[in-house]
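Each reported figure results from applying straightforward, stated rules to the coordinates on display, with no laboratory input. Not measured: the values here are computed from a predicted model. Virtual Cβ from ideal backbone geometry, glycine too; neighbours counted across all protein chains shown.
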Amino acid sequence: MESEFEVMRKRIRELRETAGLSQNRLGKLAGIQQASINRYEHGQAVPSPKALLWYAEYFDVSLDYLFGRTDSPHGIRYPYKRDHKPVDEKTQKVVDLCFDENSPVREKLKEALVGILGDAMWEENEHE
């Protein structure tokens, strides 16, 4: 049985080759030296977490796939159940009006929503 690192080594090489990229070109895209990519693909070094995240994002695959935990490039999906309060009738009506193209108040509601979200983003950035 192959180790996670052996599977990862093969998969990162396969992804690069399938995309038609040389090690040099991939290195330039990822900001990684070509020699490092060569060592990753030959099992002489292990990519950093930052490099692994780059591979996953660039090739649109999951880390589960890179590590051989699944053969599906999209990974193992875990169900997400959001706990939320039921929406009251008035709130639902406002939301419906926002998305109703024939609503006479749609533009005003959109402006208000953009303002609220903009203010929230501004406050969040001030605290960083």
May I ask you to verify whether residue 40 is more than 13 Å from residue 13 (Cα to Cα) and either in a loop (DSSP other than H, G, I, E, B) or of a type outside the set (A, V, I, L, M) (or both)? no
Out of segment 1-60, which residues are over 22 Å from residue 72 (Cβ atoms) and in contact (Cβ under 8 Å) with a residue 40 or more places away in the chain? 46
